[in-house]
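We did not get these values from a lab; they are worked out from the coordinates using the rules stated. These numbers were taken from a predicted model, which means no experiment stands behind them. Reconstructed Cβ throughout: ideal geometry from the backbone, glycine too, with neighbour counts over all protein chains shown.
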Amino acid sequence: MEHLVFTGNPGVGKSTLLNSLVGSVRFKSGVSAGAGLTVQLQREVKDQREYVDTPGLFDALRIEKAAEEISKSLKLGGLYKVIFVVQLKAGRVKSEDVTTMILILKAAPIQQFGIIINDVPSNTAKKIRDNKDNFGDNVKVALLSELPVKTSHILVMDRIEDCVDENDVLMDPPAHLTDFLQSVPTIEISSEKVEQITVSQYHKLQEQLGASLREMEESETRREKMREDLVKQMQEEKDRRERLEERMRDREAEERKERQELQRQHEQDQAWMRRKWEAEQEARMTLEKQQREQERRLTDEARERAAQAQQLRKIQKQQQIAEHKSEVNGMTCVQLRSELRNKRKATTGNKPDLVGRVLKARGI
Ligand SMILES: Nc1nc2c(ncn2[C@@H]2O[C@H](COP(=O)(O)OP(=O)(O)O)[C@@H](O)[C@H]2O)c(=O)[nH]1
Ligand SMILES: [Mg+2]
């Protein structure tokens, strides 16, 4: 999940902006003397994005703790949009805001980030936007010239009168704020590359910056020179980014081609498998048909053989009967005749013809 980290000094409006983005008061905001209200890093999730509030670094009472908490927010690791929130004082960039940005940018590999110049009185905001007398450029030069990494993502936010010195104000997120956050590039930060923010030099660095900012404001030629340097640096940065984007586009095109090739091969394999399966199905069906025919043939033959056997048995039986009959007939006639003849011989008188009668009774 992407972390949207708001960082900067106390009282610049980080928590108020975050509340407006998450749509409810989840980050404590308001006025407190000397110390910020946000003491610890606070994380809130909404719509697949983690909103991270950090304590202001230039906190007179808790600078060490604040530095630790900011480091912690950058050590979460993964995808980030890092936003610095700053304010102007009488239309001038504040040296403590620049100091804070320098120290954080030195501690972590933040290659791309956004800056919100918050709570800007409307007439000053108009002057920056219109770049009247190079005012907008001068503000940007003062903000960026000392930073180790530059950015072109800077948003000027008009002062919202209803918020002044109020606690836990919930305002609708201005459309240009959400558009701006959208436009700030997402970067990846690996936690092992994030170091502790060194605050020991804070005041010395701030003093030096204050002097150079004042000098720049006073010297038109120096300002001009810095503006040129900045434009050059920004152009270099833009070129670098464009080259990087081009390389990424090329890589993406290559990957797309590889994916298409893989897809094509996959489809080919699928088609081949389908054809193979169909052929196997067909072969199986043909085999089954042949088996069925064979079985039918065998059954027919068996039935025929059984019929033949039955027929044969019938014939044999008939023959047996016939043979038996003739045997019985032959034997009985002879036996009976000889028996009867013997009986007739043994008896005298004219007796009825018994033999004739028995034979007649037996149907012979
Ligand atoms: N006028 C005005 N006041 C603001 C704005 N944003 C914040 N504030 C007020 O500034 C004070 C500090 O804001 P807060 O969000 O707590 O600052 P943080 O310390 O950076 O988190 C609160 O009283 C806010 O109401 C703004 O855009 N305009
Ligand atoms: Mg806060």
- Message: Take residue 313 and residue 266, extend 7 Å from each Cα along the Cα→Cβ direction, and tell me the distance between the two endpoints in nm.
- Response: 6.8 nm
- Query: Using only Cα atoms, what is the ratio of the radius of gyration of segment 217-320 to 2.2 N^0.38 Å?
  - Reply: 3.42
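Only bridges with both residues in segment 2-218 count here: give the DSSP antiparallel percent, nearest 5. Display every interim value, and only then the final one.
Details: 10 of 30 bridges.
Of all bridge pairs located within segment 2-218, approximately 35 percent are antiparallel.
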- Message: To check you understand DSSP bridge types, tell me what percent of the beta bridges within the chain (both residues inside) are antiparallel, rounded to 5.
- Response: 35 percent
- Message: Filter 46/72; 150/257; 89/140; 46/257 down to the pairs with a C-alpha to C-alpha distance above 25 Å, please.
- Response: 150/257; 46/257
- Regarding the chain, what whole-number volume in Å³ per residue does the convex hull of its Cα atoms give? 314 Å³
- What longest region of the chain stays clear of GluC sites (Glu not before Pro) that DSSP places outside H, G, I, E and B and that have at most 15 other Cβ atoms within 10 Å? 196-364
- Taking the alpha carbon gyration tensor of segment 2-218, what are the square roots of 5 times its eigenvalues, largest first, to the nearest whole Å? 23, 21, 17
- Quick one: length gained pulling residue 89 to residue 360 fully straight, 0.36 nm per residue minus the C-alpha distance? 81.9 nm
- Query: What is the distance in Å between the Cα centres of segment 210-252 and segment 1-23?
  - Reply: 26 Å
